[in-house]
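As structure tokens, the structure follows; a few thoughts come after it.
The values are calculated or read from the model by the stated rules, or taken from the named source; none is laboratory data. From a predicted model like this one, the values you see are computed outputs, not experimental measurements. When we count neighbours, we look across all protein chains shown, and the Cβ atoms used for this are built from the backbone with ideal geometry, even at glycine. The accessibility values were calculated without ligands, DNA or RNA, using every heavy atom of the protein model including side chains. Shrake-Rupley method; radii C 1.70, N 1.55, O 1.52, S 1.80 Å.
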Amino acid sequence: MSEQTEATETPLTISPDYVLRDPMPGDMGWIIHRHGVLFNKEYGFNAEFEAYIGEVVARFARTRNLERERCWLAEREAKVVGSVALVDDGQEIGRLRLLYVEPEARKLGIGQALVSTCVAEARRIGYRKLTLLTFNVLKSARPIYESHGFSIARERIESLFGRQLSVQDWDLIL
């Protein structure tokens, strides 16, 4: 196993309902798969979205800076139920990516825990700002981002993934 895909022996966060852990072999492919399936079912995104997520994951896996970039998976009852990643966006800016939570695991605080972990790690690393890109249709994520102090910095309408979407850039000054 390479350093980049080796999981820690101990989960990073433990709650009665889930654990957060580092990725293991096969997890990155799972993140792509679940994003493709869920975002199609819930938001009508076409296969271009899965390709987009595949590109994000491939770039992360190939070029990951182990000192400045991380990924966490939420696991419940030995099943992956969510993820988030922190990537270096340059100029002391981190980017929150790949956030998702399985429908059956929502309302357990997993999304909050994933974002909290990402924000705390961005602060620990020393990023001055954390940013993310999302879409107006992803309404359940908005309160999570707001509770951590993120705010919309820019918004624009684009035709993406078979839909007209309001694309939102959110920022958090650390």
Counting only residues 5 or more apart in sequence or on a different chain, those whose built amide H sits under 5 Å from that of Leu160 are Leu165
Expressed in whole Å with the largest first, what are the equivalent ellipsoid semi-axes of segment 92-173 derived from the C-alpha gyration tensor as the square root of 5 times each eigenvalue?
21, 18, 10
Hey, can you find the accessible area per residue of segment 4-151 for me, probe 1.4 Å, expressed in square angstrom?
49
Expressed as cubic angstrom per residue, what is the convex hull volume of the alpha carbon set of the chain?
113
Would you mind telling me the share, in percent, of accessible area of the chain contributed by carbon and sulfur at probe 1.4 angstrom?
50
Starting from 0.36 nm per residue, how many nanometres of slack lie between Ser159 and Arg128 once their C-alpha separation is accounted for?
8.0 nm
Using the Karplus curve 6.51 cos²θ - 1.76 cosθ + 1.60 with θ = phi - 60°, what ³J(HN,Hα) values do you get for each residue of segment 155-161, in whole Hz, with x for Gly and Pro?
8, 8, 9, 9, 8, 9, 6
Collect residues whose amide H, placed 1.01 Å from N in the peptide plane, falls under 5 Å from the amide H of Gly82; neighbours closer than 5 in sequence don't count.
Ala74, Glu102
Tell me, which longest segment in the chain has none of the GluC sites (Glu not before Pro) that fall in DSSP loops with at most 12 further Cβ atoms within 10 Å?
78-174
